[in-house]
Number of protein chains: 2
Amino acid sequence: MYRTNTCGELNITNLGQQVTLCGWLQRSRDLGGLTFIDLRDRYGITQLAFNMETNPALCEQARKLGREYVLQVTGTVIERSSKNTKIPTGEIEIQVEKLTVLNESKVPPFTIEDQSDGGDDLRMKYRYLDIRRNPVKNNLILRHKMAMLVRNYLSQHDFLEIETPMLIKSTPEGARDFVVPSRMNPGEFYALPQSPQQYKQLLMVAGMDRYFQIVRCFRDEDLRADRQPEFTQIDCEMSFVEQEDVLQTFEGLAKHLFKEMKGIEFADFERISWHDAMRLYGSDKPDKRFGMEFVELNDVVKGHGFSLFENAPLVVGICASGCAEYTRRQLDELTDFVKRPQVGAGGLVYIKYNADGSFKSSVDKFYDQNALKAIADKFQAKPGDLMLILCGEPMKTRVQLCALRLEMGSRLGLRDSQKYAPLWVVDFPLLEWDDETQRFYAMHHPFTAPKPEDEALLDDQRRWGDIRANAYDIVINGVEVGGGSIRIHDRQLQNKMFHTLGFTDESAYAQFGFLMDAFTFGAPPHAGLAFGFDRLCSIFGGVDSIRDFIAFPKNNSGRDMMSGSPSPIAKEQLEELKIALKG
Amino acid sequence: MYRTNTCGELNITNLGQQVTLCGWLQRSRDLGGLTFIDLRDRYGITQLAFNMETNPALCEQARKLGREYVLQVTGTVIERSSKNTKIPTGEIEIQVEKLTVLNESKVPPFTIEDQSDGGDDLRMKYRYLDIRRNPVKNNLILRHKMAMLVRNYLSQHDFLEIETPMLIKSTPEGARDFVVPSRMNPGEFYALPQSPQQYKQLLMVAGMDRYFQIVRCFRDEDLRADRQPEFTQIDCEMSFVEQEDVLQTFEGLAKHLFKEMKGIEFADFERISWHDAMRLYGSDKPDKRFGMEFVELNDVVKGHGFSLFENAPLVVGICASGCAEYTRRQLDELTDFVKRPQVGAGGLVYIKYNADGSFKSSVDKFYDQNALKAIADKFQAKPGDLMLILCGEPMKTRVQLCALRLEMGSRLGLRDSQKYAPLWVVDFPLLEWDDETQRFYAMHHPFTAPKPEDEALLDDQRRWGDIRANAYDIVINGVEVGGGSIRIHDRQLQNKMFHTLGFTDESAYAQFGFLMDAFTFGAPPHAGLAFGFDRLCSIFGGVDSIRDFIAFPKNNSGRDMMSGSPSPIAKEQLEELKIALKG
């Protein structure tokens, strides 16, 4: 062993001990008679002291060392004269007796500090240096801890982690697969899994009862910010359970994580139906760290001659507490915000409830003080509040108002990353109408079961949009961190579902044949859920981006800037695979 | 919840309780007045009793159920009249009051019994039924337990599990990569990792200190029996350690697994140099469950006019205790065995040490009783023993004799799968001569460090074959279950190593550039090891094949017989990827 201790563990109780430490030179300070070096490893920083008087040769040597040199030092733990109470090792330093340079380092392209001077591109190119920085290092440690907690919790609850294949069959349904040409079977391809969905259902048919896997998944999508072509899921499936059992089980897991990672103990998570989530927050993943629920205003705004409201199927708003003093400029900003193409509203109506009890609005021409008071009452507004109102086609307007609500939440500091608001969204619609192709699609996937009480509606095409699924999402702070459903295990219901989705018997079999075959040999009732692990880690880390919770992420073009992958391959490789490049 | 209990937990202490169970119909017996059903789930089997007298309707219903039907039953736990002491639930049965068929099943293509009537192909095609069988199910449970033990042990020893990318850069060195065409970067490819070797070394440069990962790896090799295109490694790397630290750390892990999984406590593992392993067992992975060490005979066999021995650079044999009574036929079988092309020996010389003290050999013409006694003494043979001798070029002959030794070990029942003989093989050669290309290759990989005391030999090309590496394998029962090395962290030594391997500066950089770059920013001394997890599980399971420790394995053509992968993909997919199939 090159060392007796790490750089994070020595303190006043170790005084007088001879120790050997290894690490990287974080910083050195030459104070004339004394030279100090901060030696850093994964565990912390320990100050090294070199004395020009007592050991000039060693001190001279120390002065020549550059940042990020790898050092091994032997010396004695002594008390510091000027203590640093901010770090655990801050009361001691090492009086160095022996110094070995284990490796030199070029000057790093950015400083290895919590706040770095490296831009994103530089940080990604030299990710191995970026990881030396505390924020990134701590994210990876958090991720490890989360994974261990998840595995031990699920294992203690009789879940078995079972590895499913990475080289699987490509299916045209869903997002785009990454494919892998098979050299041994020319002209044929494997696909990388978008999720182990079919395999985990097969494991239920196999009687494995409670399965989980922390597993890499792949999706060849055009990458938006903060999407990665490979990502990690906590994938779970259970047999002989109803929705309540699944919710209880994974709420238990989430509570365990909050308790162990954050010291937060939650009572039961709130549950909200998809319908209510859309009605009250305009989103199937409401951020419930703050209220500001939607208030529908049709009954109080109509009949005043304001044609925009008269003609709108829905007039709906939010009440921002204490914002009546917003300036013209602030209100213009909000109007600009909702008019941005990403939000897409035509405009914004505001009503200020002034401190003196009077109202000021952008629609004073149509609404007198009494009319505005009626609206304010509907909002349960108080003097000092600001009401913001949108109108239009219901679903579109709700989604627009959702963006405005989140914007106001951010402006008012109501979206604290250290505060957590987990909830379940349940009763999703089973089917989703697609205007473009003029047909219904499965909102979750074709194996998701309808609610038993809604099953009969499958026989009435006009009611398909009303069928609710036994599907559920777990949402934390406005982010969907997991979701799942009760699966169909009855063949007749499955056939009906396929027909509803426009499959013929043949086309359904072509796509889902081996799973359908398996289901003829005694499929148990089963259900599952998958968490997005990268996202879950980022939420527990209190950071928006998932990228810093992945050791070696890819950029928005799917490229690893460090290794330069993807890259061309040799002609011989292409020939062996019996494929050619086109244009 | 569909059930109150599992089928594996009820016993005499539960008498009188009302319970609900779910599971699969394993077997039913119709005894006229009574019908019994064995209900099976992952946890065990519970007997259900239906009485024609007390509940004829239910009993009639029960009689119609087929094998593998999925049932839910509610009833009372009662004491069996005829008890089965072989299973934990064997003293009780359930007097069924309510029976629900949760799903029907077609007649399965093979029986769900420990000894199945399904051949390998059928078992693979219906793997989801195969997994219902105890042996396969138990293998997957064993695998889960092993993974949990490994993760918790390493985590408790400050190792962090860090996920490395699956879509990486292709390198021409080593085995063949599976590649993944990049749609977003046409003409370019990702590779699937053969191991996270470079990433784990980068994590050491990143200061992460102690890394592990249970990780899927991929190799596009022509598959031999029991090789899989995707396999799982326990991949580990440590910084600031010497070989002894690595050996202690992972010996600790192995001991922990033996203790927890098998209840076996080991003293320190034996260590043997590669050179001794080859000399005494003809293998770098000796099976030490039994002795039968090689005895070199040149000094006692030469000078007797037996030209085969006279001309052979090495005459070497083994002594099979108590086998002097082997018949002509048995000896012929052994001769045939060594002459098989897989072994490749020219023939076999035997010497029987008869119980009466006399000798009988296949070379009596050249060796009198005294000469045979001298050979026997060299073997330290006793009356009743059988000596088996091969001769020829040393390394080839040793490898042939290794095969014979293992064969004799098997014939004598000395290779008990429930007995464990772990050991370390150390001091591997750094470089391996390849006759075909007339150059040296890295035996492990180009980043493996030579032993410091052998470093100087790099300057003398004639001695390159003698350089020993700081590399080590962990071997259990004749199987290499893991291996690793101290890595080179010094740039000059690394350059010298690249030159030794025939790289120019440019060609080395083209292949290993980003790792070499990383090494200029303060690489710590580091070392690592990787276990083959599939193989490790199979050894702990006492089974030769790794296939039954993988939930969904592929066959020898890399094909998943269940899903039919790999398979052709749609023309549109190829077009999006800008690739075309050739011939």
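The values are calculated or read from the model by the stated rules, or taken from the named source; none is laboratory data. Note that the structure is a prediction, hence the values are computed from the model and not measured. When we count neighbours, we look across all protein chains shown, and the Cβ atoms used for this are built from the backbone with ideal geometry, even at glycine. Surface areas here come from the heavy atoms of the whole protein model, side chains and all, with no ligands, DNA or RNA. Shrake-Rupley method; radii C 1.70, N 1.55, O 1.52, S 1.80 Å.
With a ≥ b ≥ c the root eigenvalues of the C-alpha gyration tensor of the stretch B:520-583, is it rounded (a/c under 1.5), prolate (a/b larger than b/c) or oblate? Note, shape of the stretch B:520-583 comes out oblate.
Ordering A:Trp274, A:Val246, A:Leu192 by the projection of their Cα atoms onto the charge dipole of the stretch A:187-281, which places +1 on the Cβ of Lys and Arg and -1 on the Cβ of Asp and Glu, puts A:Leu192 at the extreme positive end. When the Cα positions of A:Cys59, A:Asn5, A:Leu102 are compared along the charge dipole of the stretch A:1-110, A:Leu102 comes out farthest toward the positive end, with charges on each C-beta of Lys, Arg, Asp and Glu. A 1.4 Å probe run over the protein chains yields, for the stretch B:522-583, 33 Å² of accessible area per residue, whole-number rounding. Computed about the Cα centre, the dipole magnitude for the stretch A:12-103 is approximately 280 debye when only Lys and Arg (+1) and Asp and Glu (-1) carry charge, each at its Cβ.
Taking max minus min of the alpha-carbon positions on each principal axis, the protein assembly as shown gives extents of 128, 102, 66 Å, largest first. For B:Asp121, the solvent-accessible surface computed with a 1.4 Å probe is close to 120 Å², ligands and nucleic acids excluded. Computing Rg and the Kirkwood Rh from the Cα coordinates of the stretch A:455-542 gives a ratio, Rg/Rh, of 1.08. Kirkwood radius and radius of gyration were both taken over the C-alpha atoms of the stretch B:422-466, and their ratio Rg/Rh is 1.00.
Computed over the stretch B:12-103, relative contact order equals 32 percent, with contacts defined as Cα pairs under 8 Å that lie 6+ residues apart. When B:Lys360 is represented by a point 7 angstrom out along its Cα-to-C-beta vector, the spacings to that point in the other copies are 12.0 nm, nearest first. Given Cα pairs under 8 Å that are at least 6 residues apart, what percent is the relative contact order of chain A? For chain A, the relative contact order is 13 percent. Between A:Ala175 and A:Arg80, residue separation times 0.36 nm minus the direct Cα-Cα distance comes to 28.2 nm. Protein heavy-atom accessible surface, 1.4 Å probe, per residue over the stretch A:12-103: 46 Å².
Surface listing: A:Leu122, A:Leu192 arranged by accessible area from highest to lowest gives A:Leu122, A:Leu192, probe 1.4 Å. Distances from A:Tyr509 to itself in the other copies, using label points 7 Å out along the Cα-Cβ axis, amount to 6.1 nm in increasing order. Label-point spacing for A:Gly263 across the identical copies (point 7 Å from Cα in the Cβ direction), in nm and ascending order: 4.4. Counting only Cα atoms, the size of the stretch A:332-376 along its three principal axes is 35, 21, 15 Å, in decreasing order. The sum of -39500 (n - 2.57) across all DSSP H runs of n ≥ 4, divided by the residue count of chain A, sets its helix-only mean residue ellipticity at 222 nm to -8000 deg cm²/dmol. Compactness check for chain A: Cα Rg over 2.2 N^0.38 Å is 1.21. Ligands, DNA and RNA left out, the 1.4 Å accessible surface of the stretch A:12-103 is 49% carbon and sulfur atoms. Mean silhouette area of the stretch B:356-422, derived from the convex hull of its C-alpha atoms and averaged over all directions, reads 6.3 nm². Note that the stretch B:290-411 presents 47 Å² accessible area per residue, ligands and nucleic acids not counted, probe 1.4 Å.
Looking at the stretch B:256-365, the trypsin sites (Lys or Arg not before Pro) that sit in a DSSP loop and have at most 16 other Cβ atoms within 10 Å of their own Cβ are B:Arg289, B:Lys302, B:Lys365.
Take the alpha carbon gyration tensor of the stretch B:193-258, find the square roots of its eigenvalues, order them as a ≥ b ≥ c, and report rounded if a/c is under 1.5; if not, report prolate when a/b exceeds b/c, else oblate. Oblate, because a/c is 1.5 or more while a/b does not exceed b/c. If you take the Cα centroid of the stretch A:104-157 and the Cα centroid of the stretch B:321-394, the two points sit 63 Å apart.
Dipole of the stretch B:290-411 computed with +1 at Lys/Arg Cβ and -1 at Asp/Glu Cβ about the Cα centre; of B:Gln330, B:Ile318, B:Pro341, farthest Cα towards the positive end is B:Pro341. In this Cβ point-charge picture (+1 for Lys and Arg, -1 for Asp and Glu), chain A has a dipole of about 1720 debye about its Cα centre. Two numbers describe the Cα atoms of the stretch A:214-329: Rg and Dmax, which are 21.2, 59 Å. Counting protein heavy atoms only, the stretch A:290-411 has 50 percent of its accessible area on carbon and sulfur, 1.4 angstrom probe. Taking the square roots of five times each eigenvalue of the Cα gyration tensor of the stretch A:12-103, the equivalent ellipsoid has semi-axes of 18, 15, 13 Å, listed largest first.
Buried between B and A is an accessible area of approximately 11300 Å², summed over both sides with a 1.4 Å probe.
Between the alpha-carbon centres of the stretch B:22-99 and the stretch A:502-553 there is a gap of 36 Å. Sequence-distant contacts, meaning Cα pairs under 8 Å at least 6 residues apart, place the relative contact order of the stretch A:290-411 at 35 percent. On the stretch A:131-236, 45 percent of the accessible area sits on carbon and sulfur atoms, based on a 1.4 Å probe.
Rounded to the nearest 20 debye, the dipole magnitude of the stretch B:118-258 is 920 debye, with +1 charges on Lys and Arg beta carbons, -1 on Asp and Glu beta carbons, and the Cα centre as origin. Converting the Cα gyration tensor eigenvalues of the stretch B:141-282 into ellipsoid dimensions via √(5λ) gives semi-axes, longest first, of 31, 20, 17 Å. Across the stretch B:290-411 the C-alpha pair distances fall into 10 Å bins from zero in the proportions 14, 51, 34, 2 percent.
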